[in-house]
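What follows is a single structure, written as structure tokens, with notes after it.
The values are calculated or read from the model by the stated rules, or taken from the named source; none is laboratory data. Computed from a predicted model, the values in this text were never measured in an experiment. Counting neighbours? That spans all protein chains shown, and the Cβs are built from the backbone with ideal geometry, glycine included. We work out accessible area using only protein heavy atoms, side chains counted, and drop any ligands, DNA or RNA first. Shrake-Rupley method; radii C 1.70, N 1.55, O 1.52, S 1.80 Å.
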Amino acid sequence: DYTCIAYERANKNYSYNAVFYKTDKYDCLDHGSFWLSDTPDVLSKTPGSNFYRRCIYAKMRVKATGQVFLFCCAHTDYEPLAAGELQARVLGERLTAMAAGLPLVLVGDLNFDKKKDTSIYTIYNHYFVDSSNQDFPTYICWKTLSDPDFGKDGKQIDYLWYQYMQPINRKVVTE
């Protein structure tokens, strides 16, 4: 059985960031969200952005081991470039402070191409480790609802970043 922690983006537009987890394996110790803007604690958007964007987080404990970690999910802007840069900095600064040395996982539709938008990638890479660059088995089946061929050219907009941990593999689930 799964349970869900979800926060609506803003203005009841039915766009959510969510974290699903197995209740028999994990305890949720705390959860919340913040806006990806200059004022993360109040409903706000990045200057120049058309959308309100937020990050949700859940402080989780593995029932079997007692290990505590922070799991985070974000959806950032695809333009303008300055919005993506600011949102990357807010995520890096805020999540690093919240984790305070705990293992941290950040997943999401971060809407940038690391080969083209190198300034954004550099900001994330300052705070986190990009799982797609690591030397462990990766199991990927790229597919989206709107474009079944998306990603076959190597373009990536969905990411899994981490800090204070060492993953053993990476799998992109598409079902």
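Key figures for this structure:
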| quantity | calculated |
| --- | --- |
| In the stretch 82-92, the residues that are open to solvent by less than 50 Å² (accessible area, probe 1.4 Å) and either touching a residue at least 40 places away in the same chain (Cβ under 8 Å) or not hydrophobic (A, V, I, L, M, F, W, C) (or both) | G84, E85, L86, Q87, V90, L91, G92 |
| Residue satisfying condition, being more than 14 Å from the chain's Cα centre (by Cα) and charged (D, E, K, R), within set D109, D117 | D117 |
| Failed item, numbered, when C55 is tested on (1) open to solvent by less than 40 Å² (accessible area, probe 1.4 Å); (2) in a loop (DSSP other than H, G, I, E, B); (3) within 27 Å of D24 (Cβ to Cβ); (4) in contact with a Lys or Arg (Cβ under 8 Å, 6 or more places away or on another chain) | (2) |
| Matching residues, the stretch 107-132, being crowded, with 17+ Cβ neighbours inside 10 Å, at pLDDT 95 or above and of a type outside the set (F, W, Y) | I123 |
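Conditions (1) touching an Asp or Glu at 6+ places or on another chain (Cβ under 8 Å); (2) touching a residue at least 12 places away in the same chain (Cβ under 8 Å); (3) surrounded by 13 or more Cβ atoms within 10 Å (Cβ to Cβ); (4) hydrophobic (A, V, I, L, M, F, W, C), marked per residue:
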residue: K22; (1), (2), (3), (4): yes, yes, no, no
residue: C28; (1), (2), (3), (4): no, yes, yes, yes
residue: G66; (1), (2), (3), (4): no, no, no, no
residue: T76; (1), (2), (3), (4): yes, yes, yes, no
residue: P80; (1), (2), (3), (4): no, yes, yes, no
residue: R94; (1), (2), (3), (4): no, yes, yes, no
residue: L104; (1), (2), (3), (4): no, yes, yes, yes
